[in-house]
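K.L.:
My questions all concern the structure below.
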Amino acid sequence: MKGQRYWELHYPLGLKEWVGKELKHNNLWSSSTSFVSLEAPSSKNEQRHEVVRLPEAVVAQKIFALKTISSAWRSASFEVPRPKALLGSEHFNRLLQLCTSVLSSQPSGSFTSFRIDAAGALSTVFQRLGTELSRSLGLPRDDTNGEFVIAIRAQVPGTWQVAVRATPRPLSTRSWRIERYPGALDAPIAAAMNYAVEPSPEDAVVSLCCGSGTLLIERLAIMSAQRVVGIDISDNALEIAKTHARNAGYNDQIEWRAQDLQNPLLNTGQETFNCFLINLPWGERMGKRSHNMDLYKSILQAMTTLARPGARAAVITQHDDAFNDLLCHTAHGWKLKQSLVVAQGGFRPRIFLLNRV
């Protein structure tokens with residue numbers, strides 16, 4: 001897409017397969033769509049993401065509705081040897097057009113300040129560029145809290161990319177999530193786990209260790225289900241989950257239940273599920289690693305007790321060696337279909353996709 005404007009969508013490292021499936025499911029995949037790598041990330045955050053590019057003609061609202069995407073950027077490549085050349089009349093006017101295309105697509109007042117995200121963003125050149133952008137855009141520069149983000153990075157020699165984030169907040173920041181909860185999953189990862197279990201409206205879905213409810217809310221945002229149940233030992237977690245579900249408009253569709261999964265389940269086979277979504281305590285922000293093996297064993301036993309034949313499960317944990325050891329050395333009736341490592345903050349948890357046999 002050299003010389004043209006295009007969409008650049010960032011998603012958490014490891015989710016490529018599920019991002020592609022979501023794009024195809026929403027008829028956004030075309031011959032011009034391409035997965036690319038960030039040749040020179042301008043921040044540590046970008047090292048945790050991968051990129052897919054779409055033609056500029058794709059409607060913005062369709063992109064903003066995607067669940068596996070962390071952020072959406074309107075982007076363009078500039079054939080300049082160094083950022084200083086962006087101050088030249090031709091290139092600066094093109095840069096302004098890119099910026100104003102984003103500003104005009106959002107309600108007035110959505111952006112109150114801007115920041116430049118680039119290696120050497122405090123250099124003299126970027127200070128000059130910031131001054132000219134502030135004058136032309138009518139926005140003050142705020143390198144800490146600016147919502148209007150302009151990322152500038154080197155591509156191949158002689159080419160620099162400018163990408164402008166298309167929304168005041170990342171797409172991964174869900175409006176319903178108002179409470180902070182330790183160990184909560186990033187929403188795009190939760191959405192990808194839901195796509196990974198191949199959802200059906202006929203599903204009976206359960207989330208063991210449901211925490212603040214992210215997996216179940218993302219499920220219902222993607223597709224309805226016959227039944228949705230969230231189970232956690234923590235009353236506080238369940239209250240936060242209820243608040244989040246209420247904010248998202250799904251609380252009347254989810255049954256919340258307080259239960260200790262390390263105690264025997266009062267289940268004689270009448271209650272079963274065919275879809276399991278589980279964010280295990282990692283022993284990092286929640287729980288202790290020394291307790292994980294016993295807890296994971298109890299959860300795996302609960303999965304087996306509650307599973308219908310052919311049930312599917314997506315399980316994520318940073319303590320992946322402990323869960324993998326259980327899968328390999330205990331009798332449980334689940335078959336590992338696939339596993340993949342993803343990036344959440346500074347962690348690299350693994351998602352296990354399982355089928356009940």
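Just so it is clear, none of the values below were taken in a lab; they were calculated from the coordinates. Since the model is a prediction, treat every value here as computed from it, not as a measurement. Glycine also receives a Cβ, built like all others from the backbone with ideal geometry; neighbour counts cover every protein chain displayed.
K.L.:
Give the aspartates and glutamates reachable from K297 as a straight Cα distance under 15 Å; neighbours fewer than 8 places away on the same chain don't count.
P.N.:
Of all the aspartates and glutamates, those that pass the test against K297 - Cα under 15 Å, at least 8 places apart if same chain - are D260, D320, D321, D325.
K.L.:
Determine one quarter of the surface area of the Cα convex hull of the chain, which equals its mean projected area, and express it in nm² to one decimal. Mind showing how you got there, number by number?
P.N.:
Working: hull surface 75.5 nm².
Over all viewing directions, the chain projects a mean Cα-hull area of 18.9 nm².
K.L.:
I would also like to ask the following. Given the Cα-Cα distance of L96 and E255 and 0.36 nm per residue of separation, how much length would full extension add, in nm? Don't skip to the end; give the middle numbers.
P.N.:
Values: separation 159, 0.36 × 159 = 57.24 nm, distance 5.00 nm.
Taking 0.36 nm per residue and subtracting the Cα distance, the gain is 52.2 nm.
K.L.:
Now, a different point. Could you give the length gained by full extension between Q155 and S134, i.e. 0.36 nm per residue of separation minus their alpha carbon distance, to one decimal place? Don't skip to the answer; put the middle values down first.
P.N.:
Details: separation 21, 0.36 × 21 = 7.56 nm, distance 2.51 nm.
Using 0.36 nm per residue and subtracting the Cα-Cα distance, I get 5.0 nm.
K.L.:
Please check which bits of region 127-164 a label hung off L87 would reach, taking the label as a point 7 Å along Cα-to-C-beta and the cut-off as backbone N under 11 Å.
P.N.:
What the label zone holds, given the 11 Å backbone N cut-off, is 127-132.
K.L.:
What distance in nm separates the two pseudo spin-label positions at H25 and V125, each 7 Å out from Cα along the beta-carbon direction?
P.N.:
Label-label distance for H25 and V125, simple model: 4.3 nm.
K.L.:
Ok, one more. Report the one residue of S200, L340, S77 whose Cα lies farthest in the direction of the positive end of the charge dipole of the chain (charges on C-beta: Lys and Arg +1, Asp and Glu -1; origin at the Cα centre).
P.N.:
So the residue furthest toward the plus end is S77.
K.L.:
Taking neighbour counts of Cβ atoms within 10 Å as a proxy for exposure, in what order, fewest first, do D203, D321 appear? Before the final figure, lay out the partial values.
P.N.:
Details: D203 21, D321 11.
The order, fewest Cβ neighbours first, is D321, D203.
K.L.:
Now for a separate question. Which one of T304, M293, N324 has its Cα pushed farthest toward the positive end of the charge dipole of region 278-357, where Lys and Arg give +1 and Asp and Glu give -1 at the Cβ?
P.N.:
T304
K.L.:
Rounded, prolate or oblate: which fits region 5-165, taking a ≥ b ≥ c as square roots of the Cα gyration tensor eigenvalues, rounded meaning a/c under 1.5, else prolate when a/b beats b/c?
P.N.:
Working: a/c = 1.76, a/b = 1.49, b/c = 1.19.
Cα axes put region 5-165 in the prolate bin.
K.L.:
On to the next question. With charges only on Cβ, +1 for K and R and -1 for D and E, what is the dipole size of region 187-356 about its Cα centre, in debye, rounded to 20? Spell out each step's value before the answer.
P.N.:
On the way: 16 positive and 16 negative charges, 62 e Å.
With Lys and Arg at +1 and Asp and Glu at -1, about 300 debye.
K.L.:
Please enumerate, by chain and number, the aspartates and glutamates with C-alpha under 17 Å from the C-alpha of K67, excluding those fewer than 8 residues away in the same chain.
P.N.:
E8, E17, E22, E50, D186, E198, E218
K.L.:
Can I ask one more? Cross-link partners among aspartates and glutamates for K84, C-alpha distance below 18 Å, same-chain residues fewer than 8 apart left out?
P.N.:
D117, E132
K.L.:
Find the eigenvalues of the gyration tensor of the Cα atoms of region 187-356, then list the square roots of 5 times those eigenvalues as equivalent ellipsoid semi-axes, largest first, in whole angstrom. Present the calculation step by step, with values, prior to reporting the outcome.
P.N.:
Numbers: eigenvalues 91, 67, 56 Å².
Calculated on Cα positions only, the semi-axes equal 21, 18, 17 Å.
K.L.:
Which distance in nm do the two modelled labels at S34 and K297 give, with both placed 7 Å along the Cα-to-Cβ direction?
P.N.:
Label-label distance for S34 and K297, simple model: 5.2 nm.
K.L.:
Moving to a separate point now. What helices in the chain pass both tests, a Cα length along the helix axis of 15 Å or more and a mean Kyte hydropathy of -1.0 or higher, using whole DSSP H runs? Can you show the working numbers first?
P.N.:
On the way: long enough: 89-103 (21 Å, 0.28); 124-137 (19 Å, -0.07); 235-248 (20 Å, -0.77); 289-306 (26 Å, -0.27).
Correct list, ordered by number: 89-103, 124-137, 235-248, 289-306.
K.L.:
Name the residue farthest towards the positive end of the dipole of region 150-286 from the options W160, I222, N263, assuming +1 on Cβ of Lys and Arg, -1 on Cβ of Asp and Glu, about the Cα centre.
P.N.:
Ranked along the dipole, the leading option is W160.
K.L.:
What FRET efficiency comes out for M223 versus S110 if R0 is 51 angstrom and r is the Cβ-Cβ distance? Round to the nearest 0.05.
P.N.:
Numbers: r = 30 Å, r/R0 = 0.59.
With a Förster radius of 51 Å, E is 0.95.
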